[in-house]
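Asks: The following block contains the structure, expressed as structure tokens.
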Amino acid sequence: MYQLTPAEEIRGRIGKLQERLQAAGLDAAFLVQNADLFYFTGSIQQGILVVPTQEDPVYFVRRVFERAVDESPLPGIRKISSPKEVTAYYAEKGITFSKVGFELDVLPVGTFLRFQQVFPGAQPEDVSPILREIRAVKSPHEAAALRDCGKKLANLLSGARQKIRPGVTEMELQGLLHGEAIGGGHTVITRMRAFNQDTGLGCVISGPDAAIPSYADFPTAGKGSCPYVPAGQGYRAFGKNEPIIVDLMWAQNGYLVDMARTYSIGPLPAKLEEAYGHTVAVMRAIEEGIRPGAAAKDLYEAGLAVAVSTPYAGNFMGAPGYNTKFIGHGVGIEVDELPFIAKGAPTVLAPGMVFTLEPKFVFPGEGAVGLENTYLVTETGFEVLTPLAEGIIRCDGG
């Protein structure tokens with residue numbers, strides 16, 4: 001079903017943004033990034049959303065105006081052929097802005113300089129922190145969408161067990177799983193805000209190839225299929241007694257969740273079995289602290305303390321020398337939202353925040369083990385949105 005964002009959702013989001021703009025001393029926000037457009041308008045068309053502090057927002061759309069009108073509940077949607085018409089619109093109304101917030105974390109410099117000319121006399125400021133903080137707290141509508149994605153992803157990963165056999169390749173399993181996911185409503189597109197960090201569809205990685213580091217800032221990356229895609233699944237065939245990690249996202253109706261499990265055809269070497277047990281212990285330690293008011297950095301330290309007490313501290317969250325400084329990340333419209341469960345992360349948890357935990361140990365030449373769940377912060381603690389048993393999933397091929 002082609003679902004639209006309820007009007008009350010959009011009104012509430014715009015209201016929160018206007019409050020934050022006023023508190024920050026900004027006169028307006030100028031938004032063009034697709035994820036932000038979806039969140040604040042309910043539509044992703046080629047256009048500009050201007051949200052003044054004191055005036056109603058206007059969605060100026062170059063392409064496709066008719067779809068924006070059909071999809072967005074905003075009353076102020078105007079068709080334009082050039083950003084110059086935005087300048088003319090506010091000039092005719094006698095409205096000027098002294099300070100305008102732009103999405104400076106994602107706008108290329110050339111694009112920003114061009115858009116800055118829409119309000120040439122205004123001082124540009126970075127509005128991205130405000131946008132990300134607002135988006136970090138999910139509404140019941142958003143939580144329901146994420147919960148639905150989590151159940152579907154858990155079912156998909158549960159069924160992966162039946163597809164894993166000796167000789168099946170990483171690419172083949174990925175194709176089978178994503179064919180099934182698309183048939184179930186997965187929208188294929190997964191969005192990530194960070195520059196040059198390509199998420200793709202997630203990954204299926206196995207054996208020694210799973211421990212190969214890559215440019216992507218992930219604890220497990222995989223060899224990939226070629227230098228053009230140097231991360232994720234490749235052409236390696238599964239063997240017995242080696243770890244297989246299936247780390248996928250499910251995206252539907254504008255929201256996504258992230259989840260991973262470790263599989264094996266037969267038992268793993270004792271070292272890897274032990275290391276997997278430590279990943280579960282890390283997860284339990286962090287879960288004990290998940291509640292409103294908890295600091296993300298403290299959750300990270302709680303998990304890290306467990307990891308460094310093991311014999312494999314140097315292998316935690318990446319191959320030695322390539323260890324990441326986070327154990328979890330926020331998800332929602334994008335896969336790298338707030339909060340980050342990371343070293344020094346200042347975010348304080350609030351009800352409605354959604355994030356993952358993905359403790360992993362990586363052993364070059366041997367493989368990687370770990371798991372990942374997505375969590376919703378509630379008034380009293382948390383809800384796991386990706387419900388599936390957390391042990392190593394043993395496959396019949398063994």
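The values are calculated or read from the model by the stated rules, or taken from the named source; none is laboratory data. Just so it is clear, the structure is predicted and the values come from calculations on it, not from any experiment. Don't worry about glycine lacking a Cβ; one is built from the backbone with ideal geometry, like all the others, and counts go over all protein chains shown. Note: areas computed on protein heavy atoms with side chains; ligands, DNA, RNA excluded. Shrake-Rupley method; radii C 1.70, N 1.55, O 1.52, S 1.80 Å.
Asks: Please give the charge dipole size of the range 1-144, origin at the Cα centre, charges +1 on K and R Cβ atoms and -1 on D and E Cβ atoms. Round to the nearest 20 debye.
Replies: Dipole of the range 1-144, to the nearest 20 debye: 240 debye.
Asks: If the viscosity is 0.692 mPa s and the temperature 37 °C, what Stokes-Einstein diffusion coefficient in µm²/s follows for the range 233-361 when Rh is the Kirkwood radius over Cα pairs?
Replies: In µm²/s, the coefficient is 208.
Asks: Using 11 Å as the cut-off for backbone N distance, which residues of the range 95-111 belong to the label zone defined by a point 7 Å from the Cα of residue 195 along Cα→Cβ?
Replies: 105-110
Asks: For the residue pair residue 226 and residue 396, what label-to-label distance in nm results when each label sits 7 Å from Cα along the Cα-to-beta-carbon direction?
Replies: 3.6
Asks: For residue 125, which sequence-distant residues (separation of 5 or more, or a different chain) have an amide H within less than 5 Å of its own amide H, given hydrogens modelled in the peptide plane?
Replies: Residues meeting the criterion, in which the H sits 1.01 Å from N, are 100, 101, 102.
Asks: Here's another thing I want to ask about it. Of the options 155, 131, 354, report the single residue whose Cα projects farthest towards the positive end of the charge dipole of the chain (beta-carbon charges: Lys, Arg +1; Asp, Glu -1).
Replies: Value: 155.
Asks: Hey, what's the range 1-118 come to in accessible area per residue, 1.4 Å probe, Å²?
Replies: 51
Asks: Here is a further query. In vacuo Debye scattering of the range 289-335, one point per C-alpha: log10 I(q)/I(0) at q = 0.18, 0.29 Å⁻¹?
Replies: Once normalised to I(0) and log-transformed, intensities are -0.66, -1.09.
Asks: So what is log10(I(q)/I(0)) for the range 270-310 at q = 0.14, 0.19 1/Å, when the Debye sum runs over its Cα atoms only?
Replies: Scattering profile of the range 270-310, log10 relative to I(0): -0.32, -0.53.
Asks: Report, please, the projected area of the chain averaged over directions, based on the convex hull of its C-alpha atoms, in nm².
Replies: For the chain, averaging the hull's shadow over all directions gives 19.3 nm².
Asks: Right, something else. Just round it to a whole percent: the fraction of Cα-Cα distances in the range 166-240 exceeding 20 Å.
Replies: I get 33 percent for the Cα pairs in the range 166-240 exceeding 20 Å.
Asks: Round to a whole number: what % of the accessible area of the chain belongs to carbon and sulfur, probe 1.4 Å?
Replies: Ligands and nucleic acids excluded, carbon and sulfur give 55 percent.
Asks: Hey, rough spin-label estimate for residue 165 and residue 63, points 7 angstrom out along Cα→Cβ, what's it come to in nanometres?
Replies: Placing both labels 7 Å beyond Cα along the Cβ direction yields 4.7 nm.
Asks: Here is a follow-up. Taking all pairs of distinct Cα atoms, average 1/r, flip it, and tell me the Kirkwood hydrodynamic radius of the range 1-90 in Å to one decimal place.
Replies: 13.1
Asks: In the range 101-246, what is the volume of the convex hull around the alpha carbon atoms, normalised per residue and reported in Å³?
Replies: 151
Asks: Here's something else I'd like to know. Between residue 92 and residue 217, how high is the FRET efficiency from 1/(1 + (r/R0)^6) when r is the Cβ-Cβ distance and R₀ = 41 Å? Nearest 0.05.
Replies: The pair residue 92/residue 217 has a calculated efficiency of 0.30.
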